[in-house]
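Novice: Handing you this structure, nothing more for now.
The values are calculated or read from the model by the stated rules, or taken from the named source; none is laboratory data. Note that the structure is a prediction, hence the values are computed from the model and not measured. Because the Cβ atoms are built from the backbone with ideal geometry, glycine has one as well, and the counts that use them run over all protein chains shown. Note: accessible area is taken over every heavy atom of the protein model, side chains too, but ligands, DNA and RNA are not part of it. Shrake-Rupley method; radii C 1.70, N 1.55, O 1.52, S 1.80 Å.
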Amino acid sequence: MGETPDSPALNSQTNVKQSYTRTFLVKTGINDGPNTARDCAGVPIRWESYAFGSELSAFCWVVDYSTTPVATVSAGTERLWHVGVKYETPDPGEDAQDSQTRENPMLELPTASGGWDTKSVPMQGNFGDDDAWHAWTNSAGEVYPHPPEKDTSSITLSITINKPITFNILGQQMAYRDKVNSDIFWGQAAGTCKVKSITWECNELRIENSSPFPYLRVKYDFQFCDEESEAGQIKWDLQLLDFGTYYIQPEEGFTPEKKIAFKTDDGHRTTGLLAGNGQKLPDDTPPIYLPPVARYRSVAFATLGLPQSPVQCKTFPRL
């Protein structure tokens, strides 16, 4: 229905403390009680900051409610209520952050943890004595059809944070599914970090003499790209060794361009190295990698609203 004309009212204001009351007129069913009236649309939720017109007090929160029945309407099928919403700042000398965090999940600092995942991957090449990346081939320059494997470790990061129950979590999951960072994230360059998963659950905080306070507990899992990959790339881009089962013989005179299969001396099909343009790689020429291809789209991670270092996260005392 809306806020009453005499709202808001200033209860008290000093140099160190403020208190306001806003009054709302709401309508419920005839069998609904004060808790339903308090939870009507448009009534500020608990721990919401005071804001009215151009006035804003970030540390003046909703701390209490009062509900008073006004009248019955609609032939006795509905009831009108006055819902009083009390805002208050912390008492003098009380730490606003500590006092409210115990009861307001939105003020709780995020938690962070990290580690790494190790897996076995095909060894496509190695760094030589010249610190350059070399494709893994035999002494004749032939690519191994089944290259050996090696263990590779990827750094992982997990951040857990509380979000309002009204937060569009599914929209964020859709927007950041399999995306890499286009900006610096936790001190690492763009293109090095991928969203591994975003998981969430509905929680609620039960407050004495008040309705439960619902909120979302959201966990973000990130994976940083391998330290070393094909051709020394450190991003999530894909860079493939140029080889195949046939090569292109360019047009010569009246002879049109044609595809020729790589074959062994006894006529069996095999694989061979290519020169980056589809043609056969000349002997004594190092293998060539194709230009990098972006496997994932990139987006800005800053809009996730997450901490950028352990300094901004919650710490736990040693036991």
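Novice: Would you pick out the residues in the stretch 147-164 that are over 21 Å from Ala112 (Cα atoms) and either at pLDDT 95 or above or open to solvent by 50 Å² or more (accessible area, probe 1.4 Å) (or both)?
Specialist: Pro148, Glu149, Lys150, Asp151
Novice: Moving on to the next point. Tell me, yes or no, whether the stretch 73-84 has at least one residue that is modelled with pLDDT of 90 or more, more than 28 Å from Thr14 (Cβ to Cβ) and of a type in the set (Val, Ile, Thr).
Specialist: The answer is yes, given that some residue of the stretch 73-84 is modelled with pLDDT of 90 or more, more than 28 Å from Thr14 (Cβ to Cβ) and of a type in the set (Val, Ile, Thr).
Novice: Does Thr21 satisfy the criteria of being hydroxyl-bearing (Ser, Thr, Tyr), in a strand (DSSP E or B) and at pLDDT 90 or above?
Specialist: On the way: hydroxyl-bearing (Ser, Thr, Tyr): yes; in a strand (DSSP E or B): yes; at pLDDT 90 or above: yes.
Yes, satisfied.
Novice: Is it true that Thr72 is of a type in the set (S, T, N, Q), crowded, with 17+ Cβ neighbours inside 10 Å and either touching a strand residue (DSSP E or B) at 6+ places or on another chain (Cβ under 8 Å) or within 22 Å of Leu107 (Cα to Cα) (or both)? Let's see the steps before the verdict.
Specialist: Working: of a type in the set (S, T, N, Q): yes; crowded, with 17+ Cβ neighbours inside 10 Å: no; either touching a strand residue (DSSP E or B) at 6+ places or on another chain (Cβ under 8 Å) or within 22 Å of Leu107 (Cα to Cα) (or both): yes.
Criteria not met by Thr72.
Novice: For the list (1) among the basic types (Lys, Arg); (2) closer than 30 Å to Leu107 by Cβ; (3) modelled with pLDDT of 75 or more, I need the number of the one condition that Arg206 fails.
Specialist: (3)
Novice: Something else about it: Just wondering, is there one or more residues in the stretch 246-269 that are in a strand (DSSP E or B), of a type in the set (Phe, Trp, Tyr), open to solvent by less than 50 Å² (accessible area, probe 1.4 Å) and at pLDDT 85 or above?
Specialist: Taking every residue of the stretch 246-269 in turn, at least one turns out to be in a strand (DSSP E or B), of a type in the set (Phe, Trp, Tyr), open to solvent by less than 50 Å² (accessible area, probe 1.4 Å) and at pLDDT 85 or above.
Novice: Checking the structure you have, find out if any residue of the stretch 213-226 is open to solvent by 40 Å² or more (accessible area, probe 1.4 Å), over 30 Å from Arg297 (Cβ atoms) and at pLDDT 80 or above.
Specialist: There is at least one residue in the stretch 213-226 that is open to solvent by 40 Å² or more (accessible area, probe 1.4 Å), over 30 Å from Arg297 (Cβ atoms) and at pLDDT 80 or above.
Novice: Are there any pairs with C-beta distances below 9 angstrom linking a residue in the stretch 117-130 that is under 21 Å from His146 (Cα atoms) and small (Gly, Ala, Ser) to a residue that is exposed (fewer than 10 other Cβ atoms within 10 Å of the Cβ) and modelled with pLDDT of 70 or more, with the two at least 6 apart or on different chains, and if so which?
Specialist: Listed by first residue and then by second, the contacts come to Ser120/Asp151.
Novice: Mind listing whichever residues of the stretch 107-116 are open to solvent by 40 Å² or more (accessible area, probe 1.4 Å) and at pLDDT 85 or above?
Specialist: Within the stretch 107-116, Ala112, Ser113, Gly114, Trp116 qualify.
Novice: Please go through the stretch 46-69 and give me each residue that is open to solvent by 50 Å² or more (accessible area, probe 1.4 Å), modelled with pLDDT of 85 or more and either within 20 Å of Gly33 (Cα to Cα) or in contact with a strand residue (DSSP E or B) (Cβ under 6 Å, 6 or more places away or on another chain) (or both), ordered by number.
Specialist: Residues satisfying the conditions are Asp64, Ser66, Thr68, Pro69.
Novice: Right, another one. Mind listing just one residue for me: the one in the stretch 270-313 that is under 25 Å from Thr192 (Cβ atoms) and among the charged types (D, E, K, R) and, of those, most open to solvent (accessible area, probe 1.4 Å)?
Specialist: Applying the filter and picking the extreme gives Arg297.
Novice: In the stretch 24-62, which residues are aliphatic (A, V, I, L, M) and under 30 Å from the mean Cα position of the chain (by Cα)? Outline the logic, then answer.
Specialist: From the stretch 24-62, those aliphatic (A, V, I, L, M) are 25-26, 30, 37, 41, 43, 45, 51, 56, 58, 62; that's our starting set.
Within the stretch 24-62, Ala41, Ile45, Ala51, Leu56, Ala58, Val62 meet the criteria.
Novice: A further question follows. Is it the case that the stretch 183-205 has a residue that's in a helix (DSSP H, G or I) and either touching a strand residue (DSSP E or B) at 6+ places or on another chain (Cβ under 6 Å) or among the charged types (D, E, K, R) (or both)?
Specialist: No.
Novice: To continue, here is another question. I'd like to know if the stretch 85-94 contains one or more residues that are modelled with pLDDT of 75 or more, assigned to a strand (DSSP E or B) and open to solvent by 70 Å² or more (accessible area, probe 1.4 Å).
Specialist: Yes, the stretch 85-94 has at least one match.
Novice: Confirm whether Asn31 is modelled with pLDDT of 90 or more and not in a strand (DSSP E or B). Before the answer, list the steps.
Specialist: Numbers: modelled with pLDDT of 90 or more: yes; not in a strand (DSSP E or B): yes.
Yes.
Novice: If I ask for residues that are of a type in the set (Phe, Trp, Tyr) and in a loop (DSSP other than H, G, I, E, B), which ones from the stretch 160-182 would you list?
Specialist: Within the stretch 160-182, just Phe167 meets the criteria.
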